[in-house]
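Reading through the structure tokens given below for one structure.
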Amino acid sequence: MNISSRSSGSRSRFRFGARQRPRFQGQSFNRLIPNILTLLGLCAGLMAMRFALEGRWEPAAGLIILAGAIDGLDGRLARLLKATSRFGAEFDSLADFLSFGVAPAMILYLWTMHDYRGLGFVPCVMFAVCMALRLARFNASIDAGPVPLPGPPPKPAFAQSFFTGVPAPAGAVLGMFPIFASLAFQGWGWDGMADAVRHPLFVGLLLIGVALALVSTLPTWSFKNFKVRREYVLPLLLSIGAYAALLVSEPWAALAAAGLIYCCMLPFSFRSYLRLKREAEELIQPIGPPPGA
């Protein structure tokens, strides 16, 4: 046997295969981003309550708005990254209950409602309870795999662009309206108006009204599939630009105005729902008996 064949045989005996990289079990980081945002929104609600205990109303109100902005991002980001899950939906609802139900009620009680003692605590509790019921009703309409949860029947096609009742972030903004307006009036030196919107009677009636709107069956726009006519595009863009300028220069007045604008939109939302419902019913033609029967 020559040397070349002997060396080739030895190389074949000691040949190694391709090295395999270890595979780790778990989720990718991209799928965790929506849950991380939800966690940040939950922390914002907790920090808002801490600032309320210290009597620092401006950062407390600002953190509620921050939680609302995060809530508007995490769900859309989850659908974009295809990271939706039942855990994320449940976690988001629990975070919403604290940030938009418990935290605003606690802030308003410490801000002004404690002046009426136990009687002032009732609207705050009612607001938080109705927020929990509103979120529970929303969760009951989510499918859990092939077996749907018991709850309301699926919405028809024309109702997919509407919420049932006022959504949680909008309810928090409406409930916090007295603080936004009072801070704006104080900045302008209108102390009388600031004291008027801070009165426990006004705040209590507002909280009860918002609580009833949360658990109502009022159809409200969700803006997910909202379409704008071509002739309204330019005025809408100009209005958004003007509101952004107001938000930078007078943030509390802009937030208070947002609550008023949303309240003014509710009748138009209800009218739009009725129009779409009527058009859908007109498309359904009853099937009569065949001719000559």
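No lab work stands behind these numbers, since they all come straight from the coordinates. Please read these numbers as outputs of a predicted model, since none were measured by experiment. So basically every Cβ, Gly included, is an ideal-geometry build from the backbone, and we count neighbours across all protein chains shown.
A compact table of results
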item	result
Along each principal axis, Cα extent of the range 160-293, largest first, Å	81, 38, 19
Length released on extending from residue 238 to residue 226, taking residue separation times 0.36 nm less the Cα-Cα span	2.5 nm
Summed side-chain charge close to residue 91 - residues other than residue 91 whose Cβ falls under 15 Å, Lys, Arg +1, Asp, Glu -1	-3
Charge sum, other residues only, whose C-beta stays under 14 Å from residue 237's C-beta, Lys/Arg counted +1 and Asp/Glu -1	+1
Protection proxy ranking, peptides 170-181, 235-246, 78-89, 50-61, average beta carbon neighbours within 10 Å, highest first	170-181, 50-61, 78-89, 235-246
